[in-house]
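A short worksheet on the structure shown next.
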Amino acid sequence: MAKSDDGIHILQGLLVFGNVVIGICGIALTAECIYFVSNPNGLYPLLEATENKDIYAGAWIGIFVGFALFALAVLGIIGVIKADRTLLLVYIILMLITYAFEMASCITAATHRDSLTPNFFLKQMLERYQKSGTGNSSDKSLDERLTQTWDNLMLQNKCCGVHGPSDWQEYTSAFRVEHNDADFPWPHNCCVMNAQGSPVSLDGCKLGVSGYYNSNGCYDAISGPMNAHAWGVAWFGFAILCWTFCVLLGTMFYWSQIDY
Amino acid sequence: PAPPALLPYVPRLSPMALPGKLTATTFALERPRCIFQQHSSASDAVWLVVAFANASASFRNPPSRAEVPLYQQLPTRGSYMTLETAVGTDPCPAPGPAVLRVGGDTACGAQAGQDPCNGPLPSPGPYRVKFLLMGCQGPKAESRWSEPILLPRASSPSAIDPRPVRAGSSDVVVISSLLASLGAVLALAVLSTLGAEVWAALCHQGLGTDAFARRSYRTHHIPPALPLPTGCGGSPPGLGCFASCPPA
């Protein structure tokens with residue numbers, strides 16, 4: 001009997017360790033998702049305008065799932081140490097529910113990330129940047145926020161358009177409706193600015209003389225944070241779930257071994 | 001007066017790599033250097049003639065500055081002259097800006113002015129240009145016509161397809177399939193464990209069988225004989241308890 005007692009104790013130790021790791025990862029997931037939801041790069045209006053915010057839904061679910069994982073890990077540790085069947089049964093059922101939610105969060109974040117192609121942002125920028133005119137007020141405020149986001153993006157990252165300034169020449173746009181082509185082949189935010197915030201040389205910028213305009217596109221500045229967001233929510237959540245799977249299997253085996 | 005001298009120079013778009021040298025309403029030409037050196041004098045001016053490509057053959061040099069066709073007359077006459085540059089005292093000026101931007105003055109054309117100006121081009125063209133040296137007596141020298149310059153037309157953004165090139169990339173497939181299979185295994189494990197417990201509880205009452213071999217269980221301790229009712233003493237169990245019968 002001593003050997004199986006040792007085996008049970010080893011299993012208990014492993015389960016406690018597994019739950020400690022789950023608790024720590026749960027806290028990390030919550031903290032990370034709060035960071036993403038707080039919109040540190042100011043890119044949220046780009047997604048808000050399309051009414052497809054699944055990648056943010058994934059982060060919101062992640063906040064609550066992370067906290068639930070931490071609470072359930074504490075419950076699991078107590079249940080394993082006390083060898084209490086009821087506690088462990090509650091732990092297993094609630095963990096399964098949390099598992100299902102985290103699965104949903106991972107898959108939606110990964111799927112939505114795939115839909116954020118350069119053409120997606122290009123079409124949105126051309127149709128909405130500096131758009132004025134009729135439309136209901138919620139559309140107008142979305143357009144204003146999108147315009148502000150793009151202005152900040154181009155000024156801070158010293159970039160222009162999605163692929164480059166040629167985006168504004170290849171396609172007609174809401175911007176083109178408002179500003180004539182001769183004065184604004186591309187927005188003035190694409191020009192290199194001096195310390196006062198005005199273009200160093202407007203003529204050089206309009207012609208495209210290197211050194212007076214930003215020649216690279218903004219897609220890298222957008223996709224970098226979006227990729228980090230998707231990796232953080234989808235892949236980190238996936239890693240947690242793999243670990244949780246093993247711990248849950250171990251817990252179920254342990255549950256079946258303890259007596260009434 | 002003698003006809004203007006025809007110089008071999010052919011105007012062309014700026015060879016520099018400038019993304020703004022050909023837009024929907026403007027284009028940038030290479031500035032000619034000293035091509036009129038032999039013919040010019042201090043009071044002359046170099047003009048740029050812009051004409052639709054199909055109207056360039058019928059263009060006639062204006063005899064004096066007063067008859068120069070204006071920007072506003074482009075739709076009717078098919079040509080105009082602009083970018084007047086005085087030769088000045090130095091016939092071959094030091095290198096200035098390397099390009100001449102045609103169409104850069106958006107204030108032009110708003111009012112029906114009488115001065116030549118450099119307004120944006122109204123249509124994609126194609127256009128042909130040439131340089132004309134005008135003196136007090138009329139044109140003195142001209143360059144050849146350029147090749148036709150066609151301005152680009154922008155397409156509509158509704159033609160852009162925002163969908164990803166490969167639907168369902170490897171990331172999503174890996175995550176979804178692995179998570180789904182893990183979830184299914186977990187659900188099966190829970191159901192089977194619970195089911196086995198329920199089945200054991202229903203079919204095997206009391207002591208367990210070999211299925212739960214290593215489980216330590218307490219045997220149910222069978223208590224000794226039932227306690228006798230008070231007032232009796234020493235009677236064997238099962239016979240009840242009778243008050244001692246009075247002898248008959």
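The values are calculated or read from the model by the stated rules, or taken from the named source; none is laboratory data. The model shown is predicted, which means the values in this text are computed figures rather than measured ones. Positions of Cβ are generated from backbone atoms using ideal geometry, with glycine treated the same way; all protein chains shown enter the neighbour counts. Ligands, DNA and RNA are stripped out before the accessible areas are found, and what is left, the full protein with its side chains, is counted by its heavy atoms. Shrake-Rupley method; radii C 1.70, N 1.55, O 1.52, S 1.80 Å.
Take residue A:34 and tell me if it is open to solvent by 40 Å² or more (accessible area, probe 1.4 Å), among the aliphatic types (A, V, I, L, M), at pLDDT 95 or above and assigned to a helix (DSSP H, G or I). In short, no.
Selection of segment B:10-32 for residues being farther than 15 Å from residue B:50 by Cβ and of a type in the set (Gly, Ala, Ser) yields B:14, B:17, B:20, B:24. Residue count for segment A:109-127, restricted to those that are at the interface with another protein chain (Cβ under 7 Å from one of its Cβ atoms) and closer than 28 Å to residue A:238 by Cα: 6. Looking at A:100, A:104, A:68, A:28, just one residue is surrounded by fewer than 21 Cβ atoms within 10 Å (Cβ to Cβ), within 24 Å of the chain's Cα centre (by Cα), closer than 30 Å to residue A:253 by Cα and at the interface with chain B (Cβ under 9 Å from one of its Cβ atoms), and that residue is A:100.
Summed over segment A:202-219, the residues that are in contact (Cβ under 8 Å) with a residue 40 or more places away in the chain and assigned to a helix (DSSP H, G or I) give a count of 1. Does residue A:215 qualify as being within 29 Å of residue B:102 (Cα to Cα), more than 14 Å from chain B (Cβ to nearest Cβ), at pLDDT 85 or above and open to solvent by 30 Å² or more (accessible area, probe 1.4 Å)? Judged against the criteria, residue A:215 is not a match. Being surrounded by fewer than 20 Cβ atoms within 10 Å (Cβ to Cβ), within 11 Å of another protein chain (Cβ to nearest Cβ), out of contact with any helix residue (DSSP H, G or I) (no Cβ under 7 Å at 6 or more places or on another chain) and of a type outside the set (D, E, K, R) is the requirement here; does residue A:136 meet it? Considered against the rule, which asks whether it is surrounded by fewer than 20 Cβ atoms within 10 Å (Cβ to Cβ), within 11 Å of another protein chain (Cβ to nearest Cβ), out of contact with any helix residue (DSSP H, G or I) (no Cβ under 7 Å at 6 or more places or on another chain) and of a type outside the set (D, E, K, R), residue A:136 comes out as no.
Quick check: anything in segment A:226-244 open to solvent by 30 Å² or more (accessible area, probe 1.4 Å) and of a type in the set (S, T, N, Q)? Yes, segment A:226-244 has at least one match. Applying the criterion of being touching a Pro at 6+ places or on another chain (Cβ under 9 Å) and open to solvent by 60 Å² or more (accessible area, probe 1.4 Å) to the residues of segment B:1-37, the residue that is farthest from the other protein chains (Cβ to nearest Cβ) is B:1.
Scanning segment A:64-74 turns up one or more residues that are of a type in the set (Val, Ile, Thr) and farther than 30 Å from residue A:161 by Cα. Taken over segment A:121-154, the criterion of being more than 18 Å from residue A:179 (Cβ to Cβ) and among the acidic types (Asp, Glu) is satisfied by A:139 alone.
Restricting the first member to segment A:104-123 and to residues that are aromatic (Phe, Trp, Tyr), and the second to residues that are open to solvent by 30 Å² or more (accessible area, probe 1.4 Å), the beta-carbon pairs closer than 6 Å and six or more apart or on different chains are A:120/B:162.
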